[in-house]
Structure formats: C-alpha cells, structure tokens
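Reading through the structure tokens given below for one structure.
The values are calculated or read from the model by the stated rules, or taken from the named source; none is laboratory data. The model shown is predicted, which means the values in this text are computed figures rather than measured ones. Heads up, the Cβs are rebuilt from the backbone with ideal geometry, glycines too, and the neighbour counts pull from every protein chain shown. Ligands, DNA and RNA are stripped out before the accessible areas are found, and what is left, the full protein with its side chains, is counted by its heavy atoms. Shrake-Rupley method; radii C 1.70, N 1.55, O 1.52, S 1.80 Å.
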Amino acid sequence: MVEFGSVLLGAPGSGKTTACHGLQQFFDLTKRQNAVINLDPANDGLPYRCDVDIAELITLDDVMTEFGLGPNGGLIYCMEYLEKNMDWLLKRLEDVKDKYLIFDCPGQVELYTHNNAMRNILHKLEKHNFRITIVHMVDAHLCTDASKYISSLLLSLKTMLHLSQPHVNVLSKVDLIQTYGTLSFKLDFYTEVQDLSYLLDTLRNDPHGATPRFAKLNEAVCELVEEFGIVGYSTLCVEDKASVKRLIEQMDRANGYFAKDEEEGSMLWAIGSSNYLKYFEEIQDVQERYIDPPVQEEEED
C-alpha cells in the first residue's frame, strides 16, 4: 500500500508550522483524511492537531541538558537519533495509515543542505512505500533585497540536490511582502527565476549595496543557479483558500496523489477545481491582490 504526504521545511520563521495548520484545516474542509507529524523536537505549543510527535521519542531540551549541547548541535543530535530509531517512527505511522501525512520539520537549514540524517530518513520512508513531496518554505520578504533573494536561491538549489525528492519551493507569507519593502521587478521575475543579470544590476547600482568582491560572489551564485535551471517558486498566503488549493495541487502533482471520490465531492474542492487558474494567471492574481497598490478613483468636483 502506497502512502502519500508532504514534508514542510525551511529556515526559522518561514511559516512551516503555520502552513501545516493551514493544510490540515483545508484538508478537513475538503474531506481528505490527514495526519500531522511533528518532527521538530523544539516545537512546543503546536497550533494543529498533532497525531505523531517526536517529543514522545526525544526533545531538544533533554538533549541540551544531558549532553551540554547548544540548540544547533542539539537539533542535529535529535534528527540523527530519529534516523537510528526509524522503527519507532514507522510504527507510529501505522496508526495513521491511509491518511495524507503532513510532516512539520525543524528550521535548521544544515539538516537539509549537508547533514545526512533527514535525507536518510526520507529515503527510508521511500523504501517503505511512502511517496513524499518536499515543500521548501522561503519567506517572501527576501525578494525585497537582491542579495537575500540570491542567497535563498542557493539554499533552495542545495536543498533540492541534497534531499533528491519531488520538490516544491514556496515563497511564503506573500501577502506581507509589501510591509518589508518594494520589489524591483514583478513577482513573476522572482517565481520563475528569470534572467538574474537584471538583479545583479540592481545590486551594483544600490548606493548602499555590495562591494565589488561581494557583487562578484553574488554573480557566481547566479551563474550556478541558472546553470542548473531547476529552481522556481510557487506562492502561499495561508489565509487564502485559493492560494492553499494551488499549493496542494502542486504537491499532488509532485508525488502522484489522486483525490478520492469523497474529496472530489466536497463543495469547496469542486469549486476550486472548476476555477483552476493557469500558472501565469495565478502569479498575476497574487501580484494584483497583495503587491500592486490599489488604484484609487479620483473624486469628481
């Protein structure tokens, strides 16, 4: 029996836990049986209904106290401990069999770029017939700063290559992007990862921007990202049902999940499917709704 799920990961503050909660609420509305698995040993006060919690196995506080480790070292220890105790996780997942799984993961990026624990955990799940989609969350406000956006591109690329699983990159909290600054280009420039030379020009022309050496480093990163040509982003506003629906469609396409009859019979699901927007229309919709300032009509004298 094949089991399906999505693994939400990303840097601290990127919105992973909030997105897990949003997905759970949406699945409940659309009658998709689901279970949330918390794999973050530092995550307490969970907002969602948690079906499997790594705290049953190990917690960050206990590791830090017992071994005198800091938060980063403690998280790595916890995930390596989980890797060595996969029997516990597989047994707990038996309790939520036939449900769509949502994994909430730690926010330490080392776990997804060069430490092997998470990669090995995912590969073991794959061997046990779990089809997983990686959902890599990136805070959309990074798009307002050229060098930060370039850094996020490198992080997304390295995560994709290291984990080697079906993958969806997401610009999260896109509805808040304007509170951090103004985009130099339209949103589709950032989601499609278009010609990055324009972004480098923006960086060079910034009077408070990069030194020549830092600009050269950013140029090298851009060349690397463009050479691979595999990084792109979806968008997410977790309070917008249409936005959550579009993300779920991408997740399902990535891991091959097909909606069951009871899901398709849901009113909300049927409406979302009948009004499916193509990619460019979706991005334009997000641009107009959350980024472009509203046009105010001039009052007549």
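See the values below:
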{"quantity": "Filter result for Thr113 (open to solvent by less than 10 Å² (accessible area, probe 1.4 Å) and of a type in the set (S, T, N, Q))", "calculated": "no"}
{"quantity": "Residue tally, condition surrounded by fewer than 18 Cβ atoms within 10 Å (Cβ to Cβ) and farther than 14 Å from Lys99 by Cβ, over segment 33-47", "calculated": "4"}
{"quantity": "Every residue from segment 205-261 that is among the hydroxyl-bearing types (Ser, Thr, Tyr), more than 19 Å from Asp195 (Cβ to Cβ) and touching a residue at least 24 places away in the same chain (Cβ under 8 Å)", "calculated": "Ser234, Thr235, Ser243, Tyr257"}
{"quantity": "Selected residue [over 30 Å from Leu23 (Cβ atoms) and touching a helix residue (DSSP H, G or I) at 6+ places or on another chain (Cβ under 8 Å)] from Thr202, Thr211, Thr191", "calculated": "Thr202"}
{"quantity": "Segments classed as helices (runs of 4 or more DSSP H), wholly inside segment 133-234, with at least 2 members that are within 14 Å of the chain's Cα centre (by Cα) and modelled with pLDDT of 95 or more", "calculated": "146-163"}
{"quantity": "Answer from Leu122, Leu75, Leu93 - the residue that is at pLDDT 95 or above, among the hydrophobic types (A, V, I, L, M, F, W, C) and under 18 Å from Ala11 (Cβ atoms)", "calculated": "Leu75"}
{"quantity": "Exclusive hit being of a type in the set (S, T, N, Q) and open to solvent by 80 Å² or more (accessible area, probe 1.4 Å), set Thr17, Thr65, Thr59", "calculated": "Thr65"}
{"quantity": "Checklist (1) polar (S, T, N, Q); (2) touching a helix residue (DSSP H, G or I) at 6+ places or on another chain (Cβ under 7 Å); (3) over 30 Å from Leu200 (Cβ atoms) applied to Ser152, failing item", "calculated": "(3)"}
{"quantity": "Matching residues, segment 195-239, being open to solvent by less than 20 Å² (accessible area, probe 1.4 Å) and closer than 24 Å to Val286 by Cα", "calculated": "Leu196, Leu199, Val231, Tyr233, Ser234, Thr235, Leu236, Cys237"}
{"quantity": "Enumeration of residues in segment 21-36 that are of a type in the set (Val, Ile, Thr) and modelled with pLDDT of 95 or more", "calculated": "Val36"}
{"quantity": "Residue match in segment 24-32 (condition: surrounded by fewer than 18 Cβ atoms within 10 Å (Cβ to Cβ) and out of contact with any helix residue (DSSP H, G or I) (no Cβ under 7 Å at 6 or more places or on another chain))", "calculated": "yes"}
{"quantity": "Given (1) more than 14 Å from Ile150 (Cβ to Cβ); (2) without any contact (Cβ under 8 Å) to a residue 60 or more places away in the chain, index of the condition Asp195 fails", "calculated": "(1)"}
{"quantity": "Qualifying positions in segment 1-14 - open to solvent by 10 Å² or more (accessible area, probe 1.4 Å) and in contact with a strand residue (DSSP E or B) (Cβ under 9 Å, 6 or more places away or on another chain)", "calculated": "Val2, Glu3, Phe4, Ala11, Gly13"}
{"quantity": "Unique residue being modelled with pLDDT under 95 and open to solvent by 60 Å² or more (accessible area, probe 1.4 Å) when the list is Arg289, Arg246", "calculated": "Arg289"}
